[in-house]
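Encoded as structure tokens, the structure appears first; notes follow it.
The values are calculated or read from the model by the stated rules, or taken from the named source; none is laboratory data. Because the structure is a prediction, the values reported are computed rather than measured. Glycine gets a Cβ as well: all are built from the backbone with ideal geometry, and neighbour counts include every protein chain shown. SASA here: full protein model, heavy atoms, side chains in, ligands and nucleic acids out. Shrake-Rupley method; radii C 1.70, N 1.55, O 1.52, S 1.80 Å.
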Amino acid sequence: MYSIAVIGDRDSVMGFRALGLSVFPAETAAQGRAKLHELADGGCAVIYMTEGLYNELAPEVDKYKDSVMPAIIVIPGKSGSLGLGMSALKSAVERAVGADIMNT
């Protein structure tokens, strides 16, 4: 059975536990990197990651961008949106479609 996980700073991710998602607080890039690879290798289907952590782990996340699983989705952290999630979505759509159809 596939799972859905959330990785990021404790304050940003703990609320997702109430929704039944697996929550993994990562206060450092090293903790986030280790958990990302553990979840990806363990068959996790979807990983939500806070923008702050994504910003630090972008080269690691890029290793999975063309993989079917896991789908890594960038979400805002406790300090608000940095625009990284929309940028990642726009890039993924452009790769899939072959053109910039989101014109943001």
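Points to keep in mind about this one:
- Number of positions in segment 46-59 that are closer than 17 Å to residue 71 by Cβ, open to solvent by 20 Å² or more (accessible area, probe 1.4 Å) and in contact with a strand residue (DSSP E or B) (Cβ under 8 Å, 6 or more places away or on another chain): 3
- Note on segment 1-35: among residues that are of a type in the set (Val, Ile, Thr) and either in a helix (DSSP H, G or I) or open to solvent by less than 50 Å² (accessible area, probe 1.4 Å) (or both), the one that is nearest to residue 52 (Cα to Cα) is 7.
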